[in-house]
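The values are calculated or read from the model by the stated rules, or taken from the named source; none is laboratory data. This is a predicted model, so every value here is computed, not measured. In this analysis, Cβ positions are derived from the backbone assuming ideal geometry, glycine residues included, and neighbour counts consider all displayed protein chains. The protein model used for the area step is the full one, side chains on, heavy atoms only, and it has no ligands, DNA or RNA in it. Shrake-Rupley method; radii C 1.70, N 1.55, O 1.52, S 1.80 Å.
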Amino acid sequence: MRKVHFVFAAMLLVAVASVNFAQTSDAPKYQMPPKEVVDAFDAAPLPAAVLSPPKQVLALSYRRAYPTIAELSQPILRLAGGRVNPNTNGPQRTANIYAITLKKISDGSEIKVTVPPQANLSNIHFSPDGNHLSFLNTKPTGVELWIAEVATGKAKLITGADRLNATTGDPCDWLHDNKTLICTMVVAMRGSAPAAPAIPTGPNIQESVGKAAPAATFEDMLKTAHDDALFEYYFTSQIAAIDVTSGRKTMIGKPAIFDNVSPSPSGEYILVTIIKRPFSHLIPMNGFPNDVEVWTRAGQLAKKIADVPTREGVVINGVQTAPRGIHWRQDEAATVVWAEALDGGDLKNKVPFRDKVMSLSAPFTGDATEFAKTEWRYANVSFTEKGVALLSESDRATRHVRTWVIASAPRKLWDRRQDAAYENPGTPVIRRDSGAGGFGSGGGFGGGGGAGAIMQSGDYIFLTGQGSSPEGDRPFIDRLNLKTFETTRLFRSDAKSYETVIAPLDDEGKTILTRSETPTDPPNYYVRDLASEARRAVTDFKDPQPQLRGVTHQFVTYQRKDGVKLSATLYLPPGYKPGTRLPVIMWAYPREFGDADSASQITGSPNRFTTISGYSHLFLLLSGYAVLDNPTMPIIGAGETANDTYVEQLVSDAQAAIDKVVDMGVGDRDRIGVGGHSYGAFMTANLLAHSRLFRAGFAESGAYNRSLTPFGFQSERRTFWEVPDLYARMSPFWYAKDVKDPILLMHGEADDNSGTFPIQSERFYMALKGHGATVRYITLPFEAHGYAARETLLDVLAERLNWFDKYVKNSPPRDNASVNSSR
């Protein structure tokens, strides 16, 4: 009897194993696009660059383009809006930099920085004097700090066996003494992470007791007491001052959950934001209760600036009544500035002034003084090296921004429409004192060391901008007189190239560093002498994707039926013969505007060098498609009214774009597809639900049922309960029965974007399938709102190509009678 049982059990195990094997064999596999796409996809990206504060050296960083799916599937904790790798106590994703080269601007000579084996580098910053370079290296068990000598490139590990805590961002800031970094460290001897209870001790409970607390639909919120404990464990840090010469660490204050750590310009004080309980389960950590304090370098409390309550309960479009926007004045040794609401934080309250700006200086023993008041909502304030303030305020109702110059009495510098690209005067040039936050690497996590004061020479400051114009973007640098407000243009990119200004290389702005590209020349860095107009190359980067040089593109303008002017970039595949009609894919993202004139203003440039990476829709060019890229899809309306006619305007935008490519002789009206990501996916679904303009759609990581984002989305700030009909009209989920053309829905299974929960695509798919639509639904393991892993990205490219090949390029002509009867 026992033998029979044994034999039966063995047979059962074999059968189960066979079933499991069959299931595994039948599991979907990542697809690969054609070889020409893979070859272009695998091209090494051009290096990023960071300029040293003395403006003598570029740090060029070289990175691996894509992590693998194995790397992306490493353990992750999703806590309070953040994503943490518990093995490293750092972010889930890193910059994947593997090499750094230092290039002198004067003669182009190069020095390679010695980096650790299997380098995974990020957060590259120069010391204020430019003699040292700091960078992080992420190992499987933690995040290290390394320091390199700029003169030799020799680097050394500075943190030893201690680990940095990078859970809230960049963990280190340089001080102006050029030998000290203020960093957040993993607390020594902190013990093991809290273990999840094997058996629940009770239910998880949230409760409201009558206080309104509207909030967006955030991802990755804390949900349980165990989540709270994990958040406290991984996000608690110890501040330390690290001597880069000796490696000596001096601990500052006690461990805490620091949302912000920012040394004063003098280095004598530290501005800290300390998160405290109770933790919210509704909003991310930047809305948790916190104390904002000024500490001495010894870690002693010099001044408590604010006891900030939870942001739960702040009205929509509102701000907290507690001090906000707290930061150091970069032109003074140790002065803190912040804003406080005078209207209860609510725009609905009618008051003469909405905010006041306060100031308090070392030794922080007195009371704060009022620096300014704003009639509109305070936006920001920055200071020049000579103490002149530029203060900006904004008005949501009129979509205007005003900027004031304050040296003594406030004087209005600009009053402009925030949506009007042609009216943008540019951004003041900052004197960066750590090489951070420039054009290749992130800024200091505390907004301290990296963000300097506005450069001022005599009565002048410099402004740089994109220079949007009717002929496209033409970047510029201007000199602005702060006394007369007279502006002098020092440089503007010519009409045949796209040349952005990186920085003036001297205080007078006589020479500038630029990054220039044309449709045939890859981006490179140049020194320009503005007096002689001479230009000297600093870098000589080669074309990373020569197979794309057959691609051509042109800027096209057109208008929709109500006269609103629109624009787009039309890309044509290699070897295109004029007059040939091609399948066209329109890839877009709608945007709200307050007025038709602002919506009609052209942005973008026809002079960019074409490179393609990631899961870009432009890879379709290598398979014979034309691509109408980023056609403007304006949704226009004064105040809060733009979305009142969202569907009508969206369809009109699309109709105008299609008419243009057909009239040009490029597009075949019966072979046009549409796609987009996020709000572009929402657009795609709406276009298929409310028109038959397109043969098929490809929608990535969208939200399709606006009742699931009831307290607003994008620029819409009216709630579901105020305008339920609008939410319904804008939700393609409500019109699933009207989607008659094929649509592919794709979503990252770990989407981290507010509003685009994966359930949005899941439920939309069920609705479409329930009504007999042609639909394909794909979820991407371990992927967030933006997709990252090499295997995933290639699969997306293959899916997109296969979908459009089947339903656009090779689809038989449509029966016009059925199209007309369905609308």
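Numbers at a glance
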read-out	value
Point-charge dipole on Cβ atoms (K/R +1, D/E -1) for the stretch 273-347, about Cα centre, debye to 20	320 debye
Sorted largest first, extent of the stretch 543-625 alpha carbons per principal axis (Å)	42, 28, 21
Karplus-derived HN-Hα couplings along the stretch 76-93 (A = 6.51, B = -1.76, C = 1.60, θ = phi - 60°), whole Hz, x at Gly and Pro	8, 10, 10, 10, 6, x, x, 10, 10, 7, x, 6, 10, 6, x, x, 5, 10
Under 5 Å, built H, 5+ apart or other chain: amide partners of T552	L572
For the stretch 153-219, convex hull volume per residue from C-alpha positions, Å³	266 Å³
Residues of the chain: accessible area per residue with a 1.4 Å probe, Å²	43 Å²
HN-Hα J in Hz across the stretch 388-400 - Karplus 6.51, -1.76, 1.60, θ = phi - 60°, x for Gly and Pro	7, 9, 10, 10, 10, 9, 9, 10, 5, 4, 9, 6, 10
Enclosed volume per residue, in Å³, of the convex hull spanned by Cα atoms of the stretch 444-550	156 Å³
Directionally averaged shadow of the stretch 28-186, computed from the convex hull of its alpha-carbon atoms, nm²	11.8 nm²
Members of K103/K510; K35/K112; K740/K809; K156/K254; K496/K542; K348/K565 lying beyond 24 Å, as alpha-carbon distances in this model show	K35/K112; K156/K254; K348/K565
Charge dipole (debye, nearest 20) of the chain; +1 at Cβ of Lys and Arg, -1 at Cβ of Asp and Glu	1060 debye
Binned Cα-Cα distances of the stretch 307-419, short to long, each 5 Å bin given as a whole percent	2, 11, 20, 23, 20, 13, 7, 2, 0
Length released on extending from H771 to F711, taking residue separation times 0.36 nm less the Cα-Cα span	18.7 nm
Volume in Å³ per residue [convex hull over Cα atoms, computed for the stretch 591-675]	131 Å³
Evaluated over the stretch 104-228, the Cα radius of gyration and Dmax, each in Å	21.5, 69
Placed amide H near I636: partners under 5 Å, 5+ positions off or other chain	F593
For the stretch 577-626: span of alpha carbons on each principal axis (Å, largest first)	39, 30, 21
Extent along principal axes [Cα atoms of the stretch 653-708; Å; largest to smallest]	42, 18, 16
Kirkwood-type radius of the chain, with distances r between different C-alpha atoms, in Å	29.2 Å
Extreme residue, positive dipole direction of the chain, given options P34, L342, Q206 (C-beta unit charges)	P34
